[in-house]
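Worksheet: the structure to be examined is printed underneath.
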Amino acid sequence: MTRIMPVIALGFLITPFSLYASPASYSINTQKTTIALAWHAFGGTSEASLEKVTGNITLDTGNERGDRIDVTIPVDTLKASNTLLTYQMKSHLFFDAAHYPNIAFTSSRVVALGKGHFRVFGTLAVKNVTRPVILDASLKSQHGELSGAENIFLHASTAISRSAFNMDSFAALVDDTVTITIEIQARPHQAV
């Protein structure tokens, strides 16, 4: 389930940075950004979501290592398909929100694949574990062309191994693979 967070962070990194003449800075719109997790358990599919994502995105023209995405996700916003599962996921069995209240993602590189598609590389920190993650993403703006002056919309997805982040409880009943889907809206930083 922690693997979903990397996906969220990677989604921010997907922006077509090379389309801007100079670095463009964006703030994640907390109210319009969601992260969805899905995994197989007990013969069906279970789901959860995370909200109140905060962070910044910097897109640097033609410099895939100059693009920067820093994201923080509060674990206490996690909501699963039922109350018991929500409690278990926030407990020491999985995210251990009491000791590790946030999930963090920091990008290291964004590679343009063409036609608005990107591969985002970075690190995801969940609990006391930091792992490299890769996110497949697409980016668009309100009016179709990225200008650096309007909101951007990122869609990203990935799959991670929950055991890689020391969340391997119920391994016989719950699949290790967690699919993460991220929908992000970011707005340009306002000039002061």
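Values quoted throughout were computed directly from the atomic coordinates according to the rules given, and no laboratory measurement underlies them. A quick note: this is a predicted structure, and the numbers were derived from the prediction, not measured.
Results, tabulated for the structure shown:
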read-out	value
Segment SER169-ARG65, length gained on full extension (0.36 nm per residue, minus Cα span)	33.8 nm
Anchor LYS52: aspartates and glutamates whose Cα lies under 12 Å away (excluding residues fewer than 8 positions away in-chain)	ASP76
Between the range 82-104 and the range 108-135, the alpha-carbon center distance in angstrom	23
Amide H partners (placed H, <5 Å) of SER81, local residues excluded	GLU47
Added length on full extension, which subtracts the Cα-Cα distance from 0.36 nm per residue, ASN128 to SER49	26.3 nm
